């Protein structure tokens, strides 16, 4: 009988040890998760987020960016504490609730603004790994859960503006439906960070 | 007909809702102190106040302004006594004068939100208002002077 107890104990400890080993090495994944598929989906998402239509309002500095070359906004426009500009140079002084028609005219949206100064949500200069980690961190993403992130990129009007940017502006490299699909896939497959 | 309140006076305007506010002010209401510069929100000559904010009236459509409070340079004060208007005269700011109503309307927002602006504050607020004559040093001087006048309550 002692022998049986001994064998049961050894096999139980062995199973626990094997379980820890597999988890730490990533050799197995939860059902439905797929690191390679998740990372591949984020690679597609990253190209969109770093396109001028998205990145120009997620600058590393405190000036919004303009144009496909992402140059600093003319007129020395500043972020301001709330991301809405300062004094006589507030965003909505020129940017209307809709795009103003014609090339080089101010684009517009009811929510036109930068992220606020205390939560800048910088895209510019971020590596894929850095940006993915930032997007997932509720302290840095506006307190959003993964589900809320999917909802945000799927239906937020300012996100959608990127695909209706007004005359003369290039579009992101994926259409919006495909972008939202890849974003959801990144999350659904495990929200893995890229390697770099 | 669109109801528009300009300088505390109500107007019924027969114009398309997508007409730029600047056209309404100048061509329909005859308030020609506000100027057309670029028509692209780049120069600031057309600056007026919409609910207290210094909007570019050349790209602000009538339907955004309907039912809101509009103030133009003609309504900044009843008798040209606003501290900025007095400071502008005292510092002899204008040269050709074309941009100056827009300059003053932008400066008014700055002084309301920051009664003691530094040179940097003035730059941050005013670089969107272009002056072809280059009166910028006098504009800066006049804004500092207006801040003193405003503080003194005179």
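The values are calculated or read from the model by the stated rules, or taken from the named source; none is laboratory data. From a predicted model like this one, the values you see are computed outputs, not experimental measurements. Neighbour counts run over all protein chains shown; Cβ positions are idealised from the backbone, glycine included.
Checking residue A:79 against (1) out of contact with any helix residue (DSSP H, G or I) (no Cβ under 9 Å at 6 or more places or on another chain); (2) at pLDDT 95 or above; (3) within 27 Å of residue A:184 (Cα to Cα), only one condition comes out false. Which one?
Answer for residue A:79: the failing condition is (3).
Can residue A:51 be described as out of contact with any strand residue (DSSP E or B) (no Cβ under 9 Å at 6 or more places or on another chain), over 20 Å from residue B:47 (Cα atoms), away from chain B (no Cβ under 14 Å) and surrounded by fewer than 19 Cβ atoms within 10 Å (Cβ to Cβ)?
Considered against the rule, which asks whether it is out of contact with any strand residue (DSSP E or B) (no Cβ under 9 Å at 6 or more places or on another chain), over 20 Å from residue B:47 (Cα atoms), away from chain B (no Cβ under 14 Å) and surrounded by fewer than 19 Cβ atoms within 10 Å (Cβ to Cβ), residue A:51 comes out as no.
Within the stretch B:142-154, is there a residue that is assigned to a loop (DSSP other than H, G, I, E, B), away from every other protein chain (no Cβ under 11 Å), touching a helix residue (DSSP H, G or I) at 6+ places or on another chain (Cβ under 9 Å) and modelled with pLDDT under 95?
Yes: one or more hits.
Can you tell me which residue within the stretch A:83-99, out of those that are in contact with a strand residue (DSSP E or B) (Cβ under 8 Å, 6 or more places away or on another chain) and more than 9 Å from chain B (Cβ to nearest Cβ), is farthest from residue B:41 (Cα to Cα)?
Residue satisfying both the conditions and the ranking: A:84.
Check whether at least one residue in the stretch B:9-18 is within 12 Å of chain A (Cβ to nearest Cβ), within 15 Å of residue A:96 (Cα to Cα) and surrounded by 19 or more Cβ atoms within 10 Å (Cβ to Cβ), and report yes or no.
no
From the list B:91, B:108, pick out the single residue that is crowded, with 16+ Cβ neighbours inside 10 Å and farther than 19 Å from residue B:45 by Cα.
B:91
Just checking, how many residues over the stretch B:1-51 are more than 14 Å from residue B:99 (Cα to Cα) and in a loop (DSSP other than H, G, I, E, B)?
Residues meeting the conditions: 14.
Please go through (1) touching a strand residue (DSSP E or B) at 6+ places or on another chain (Cβ under 7 Å); (2) more than 18 Å from residue B:5 (Cβ to Cβ) for residue B:96 and return the number of the only condition it doesn't satisfy.
Every listed condition holds for residue B:96 apart from (1).
Mind checking whether some residue in the stretch A:59-70 is more than 22 Å from the chain's Cα centre (by Cα) and in the same structural domain as residue A:165 (by TED's automatic domain parsing)?
The answer is no, given that none of the residues of the stretch A:59-70 is more than 22 Å from the chain's Cα centre (by Cα) and in the same structural domain as residue A:165 (by TED's automatic domain parsing).
I need a count of the residues in the stretch B:104-130 that are farther than 15 Å from residue A:90 by Cα and either part of a helix (DSSP H, G or I) or within 10 Å of chain A (Cβ to nearest Cβ) (or both).
Residues that pass the stated criteria total 5.
Would you mind telling me which numbered condition in (1) more than 9 Å from chain A (Cβ to nearest Cβ); (2) part of a strand (DSSP E or B) residue B:54 fails?
Every listed condition holds for residue B:54 apart from (1).
How about the stretch B:131-141: which of its residues are within 13 Å of chain A (Cβ to nearest Cβ) and farther than 24 Å from residue B:50 by Cα?
The answer is B:136, and nothing else.
Considering only residues that are in a helix (DSSP H, G or I) and at the interface with chain A (Cβ under 10 Å from one of its Cβ atoms), look in the stretch B:57-89 and name the one that is farthest from residue B:143 (Cα to Cα).
If we take residues in the stretch B:57-89 being in a helix (DSSP H, G or I) and at the interface with chain A (Cβ under 10 Å from one of its Cβ atoms), then B:63 is farthest from residue B:143 (Cα to Cα).
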